[in-house]
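First comes the structure, then the notes that go with it.
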Amino acid sequence: MRGADSQKVCEHGLTWIKPSFLWIMYRCGWGTKEGQETVLAVEIARDGFEWALEHACLSHYVQELHADPAAWKRQLRAAPARVQWDPERDLHLRPLAHRSLQLGLSGEAAHRYADEWIVSVDDVTPLAHAVHGHVRDGDLDSARRLLPPERPYPVGDRGLAHLCR
């Protein structure tokens with residue numbers, strides 16, 4: 001959705017970027033939860049993602065990163081993006097020890113996402129169902145072979161220093 005139509009979407013809460021396939025499967029129940037039966041992979045421009053990171057605020061107060069809770073709340077209200085770190089998931093959707101970035105967009109960031117940053121949108125619902133089928137059958141090797149490749153995202157200290165303790 002682009003242009004004037006995107007404004008309607010962007011005015012209602014946050015638009016979330018969740019770069020982890022298995023975290024999305026956890027969230028949508030392998031594409032079986034009501035209202036979440038379609039799973040889309042949205043590719044966005046790197047410069048857009050980095051803009052959002054640079055303009056983001058953590059979704060929670062961290063004493064080492066924020067002057068005080070009131071300053072954090074002001075920063076959160078003003079920021080067009082927010083970051084939270086949620087536990088990554090395994091093939092059984094159980095939490096792992098390491099975390100994945102979740103990037104919430106609002107205001108200017110949501111508009112830029114909808115109008116400028118989207119490169120492609122692919123329906124990966126059949127992939128979600130195929131991976132889930134292998135997991136249900138206990139064939140984890142086949143499930144792993146179908147997973148989209150995920151690599152650590154290289155970003156300079158400037159992009160994340162205000163989001164990590």
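The values are calculated or read from the model by the stated rules, or taken from the named source; none is laboratory data. Note that the structure is predicted; figures quoted are calculated from it, not measured. All Cβ positions, even for glycine, are placed from backbone atoms using ideal geometry, and neighbour counts span all protein chains on display.
List of remarks:
- HIS92 falls short on exactly one of the conditions (1) surrounded by 12 or more Cβ atoms within 10 Å (Cβ to Cβ); (2) over 26 Å from PRO154 (Cβ atoms); (3) at pLDDT 95 or above; (4) not basic (Lys, Arg), and that condition is (1).
- Pairs where the first residue, in region 44-61, is on the phi > 0 side of the Ramachandran plot and the second is part of a helix (DSSP H, G or I), C-beta under 8 Å, 6+ apart: none
- Some residue of region 150-160 being touching a helix residue (DSSP H, G or I) at 6+ places or on another chain (Cβ under 8 Å) and either closer than 28 Å to GLU37 by Cβ or free of Cβ contacts under 8 Å to residues at least 60 places away in the same chain (or both): yes
- Subset of region 52-70 (residues that are among the charged types (D, E, K, R) and within 22 Å of the chain's Cα centre (by Cα)): GLU54
- Being in a helix (DSSP H, G or I), hydroxyl-bearing (Ser, Thr, Tyr) and within 16 Å of VAL39 (Cβ to Cβ) is a condition met by no residue of region 140-148.
- Taking region 103-123 as the range and being outside any helix (DSSP H, G or I) and either free of Cβ contacts under 8 Å to residues at least 24 places away in the same chain or crowded, with 19+ Cβ neighbours inside 10 Å (or both) as the test, the residues that pass are LEU103, GLY104, LEU105.
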